[in-house]
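All remarks here apply to the structure that follows.
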Amino acid sequence: MTDIYDVVIIGQGPAGLAAGLYASRSRLKTLIVEKEKAGGQIVTTDEVANYPGSIENATGPSLIKRMVEQAKEFGAEMKLDTIKEVELEGKIKILKGEKDEYKAKTVIIATGAQPRKIGCPGEAELTGRGVSYCATCDAAFFEDMEVFVVGGGDAAVEEAMYLTKFARKVTLIHRRDQLRAAKSIQEKAFANEKMHFMWNTVVKEIRGDGIVESMLVENVKTGEVTEIVADEEDGTFGIFVFVGFQPNTKLFEGIINMENGYIVTDQDMRTNIPGVFAAGDCRAKSLRQVVTATADGAIAATQAEKYIEENFSE
Amino acid sequence: MIELNKDNFEEEVLKAEGPVLVDYWGPTCEPCKALMPHVHALAEKYGDKVKFASLDITKARRLAIKQKVLGLPAIIIYKDGQEVERLSESQATAEAVEEMVKKYI
């Protein structure tokens, strides 16, 4: 307990692991604390085609496995614990977890984000009962059935394409009249016979007794509300939700400067508190991808090292 | 832990007396795989009071849907063949599962 780490990293996704790799390689005493499971959001992704240099057919889990190995090889410690309280203002930062208390000269926040919900009636009650936020987890239930995907960004379209391998029909419901996803992904989606599109449409309510049986959708242009009812033989359909993300930053509210819940940093990943850095999806920035998360992590670790040299050398 | 399938589900779960925990999972479900060792540890700890079982849904999809399971992971406790409590998707953490199991011992 008297141990003081040079760097404690909160979160073991790509940003945290990259920070861990860089920090431990610089011979800093490094700990990565993860509340649940290594990997962050990328572990539920089946295909990682846009991470430069990754092995062929890389999946989220295979990429993370390698990142964990690399960080461990350089000596980063890893621990499962949920941080409940932080004292970041002092020269030595204190992180109070459920299991233990950690002291550190610097802290890198890499807590990531989680999928945003639609926020309509029935959504919470029917989660795990037809409403899903993870295509790789739940696609197998809908073999030869119908599924709807809500959203229009990269994640929505890519996951919809993954679902076409299982479902007989995949309908993308999007509130605008065009997709936000990258053009190359869009082209593939429009060429796929199983893919259908409902434009200018939002989900108003999800209904069902124990499992999803129907939903109400509204055309935002005309105001017309339609009920989509499950095929009688199937008895149900899937609703996969990919409508953006919510940063995991509640712990730092009122302590660290934020913008819409995302942590604000300068280009060196420094927050408003000296010795505290942020990296990855939890940070306010324009592109949230593995490639930008790992870059953030590397910068944060390098800056943490610099900060320690400037503030702790005898 | 008992491995369930289409043939033994009724016997081992629905016709069983006392509490049975069923861990619904699938081979492509990463959160399920992360949770699984914790459930095994709970089976070691509480296995004399609660029966622990797992079902790979890709081998018994219709059966899972009939149990109103359409999302993974799902951890359900049955008592005398009736579902009494479940944790699904992000609710299904190691701690939450242990808390739930403790209620039925």
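Some observations on this one:
- Highest mean packing first, where packing is the average number of other Cβ atoms within 10 Å per residue, the peptides B:4-11, A:172-179, A:93-100 line up as A:172-179, A:93-100, B:4-11.
- Of all the options A:24, A:132, A:54, the one that moves most in a Gaussian network model of chain A with Cα springs shorter than 10 angstrom is A:54.
- Per-residue shielding of A:120-129, expressed as the average number of other chain Cβ atoms within 10 Å of the residue Cβ, stands at 3.
- Highest-first arrangement of A:206-214, A:148-156, A:218-226, A:181-189, where packing means the average Cβ count within 10 Å: A:148-156, A:206-214, A:181-189, A:218-226
- Per atom type, the protein assembly as shown shows carbon and sulfur on 47% of its accessible surface, probed at 1.4 Å.
- Per residue of A:205-214, other chain Cβ atoms within 10 Å of the residue Cβ number 2 on average.
- Over chain A: helical MRE at 222 nm, DSSP H runs n ≥ 4 each giving -39500 (n - 2.57), nearest 500: -7000 deg cm²/dmol
- Per residue value of the accessible surface for the protein assembly as shown (all protein chains in place, 1.4 Å probe), Å²: 47
- Shape of region A:183-314, Cα gyration tensor, a/c cut at 1.5: prolate
- The shape of region A:153-224 comes out oblate: with a ≥ b ≥ c from the C-alpha gyration tensor, a/c is at least 1.5 while a/b does not beat b/c.
- Interface A:B - total buried accessible surface [probe 1.4 Å, Å², rounded to 100]: 2000
- Electrostatic tally near residue A:236: other residues with Cβ closer than 13 Å to its Cβ, Lys and Arg +1, Asp and Glu -1, net -4.
- Helix A:14-25 axis, angle to chain A major axis (alpha carbon atoms, nearest 10°): 20
- Where only C-alpha atoms are counted, convex hull volume of the protein assembly as shown per residue in Å³: 153
- Proximal charge balance of residue A:90 [Cβ under 12 Å; K/R count +1, D/E count -1]: +2
- Counting only cysteine Cβ atoms and a cutoff under 4.7 Å, the protein assembly as shown contains unmatched residues A:120, A:282.
- Compared with the dominant principal axis of the Cα atoms in chain A, helix A:290-312 is inclined by about 20°.
- Remark: mean inter-chain Cβ contacts per residue of B:29-35 equal 6, using a 10 Å Cβ-Cβ cutoff to other protein chain atoms.
- Residues of region B:60-88 buried by at least 10 Å² on assembly (accessible area, 1.4 Å probe, chain alone as reference): B:61, B:62, B:65, B:68, B:70, B:71, B:72, B:86, B:88
- Charged side chains reduced to their Cβ positions (Lys and Arg at +1, Asp and Glu at -1) give region A:1-141 a dipole of some 380 debye around its Cα centre.
- In region B:2-103, the ratio of gyration radius to Kirkwood radius, Rg to Rh, stands at 0.91 when only Cα atoms are counted.
- Relative contact order of region B:2-103, pairs being alpha-carbon contacts under 8 Å that are 6 or more residues apart, as %: 37
- Neighbourhood net charge (11 Å Cβ-Cβ; Lys/Arg +1, Asp/Glu -1) for residue A:211: 0
- Helix axis angle, A:60-73 relative to chain A longest principal axis, alpha carbon, degrees: 10
- Here the relative contact order of region A:131-241, from alpha carbon pairs under 8 Å that lie six or more residues apart, stands at 29 percent.
The values are calculated or read from the model by the stated rules, or taken from the named source; none is laboratory data. These figures come from a predicted structure and were not determined experimentally. Heads up, the Cβs are rebuilt from the backbone with ideal geometry, glycines too, and the neighbour counts pull from every protein chain shown. Just the protein is used for accessible areas: all its heavy atoms, side chains included, with ligands, DNA and RNA removed. Shrake-Rupley method; radii C 1.70, N 1.55, O 1.52, S 1.80 Å.
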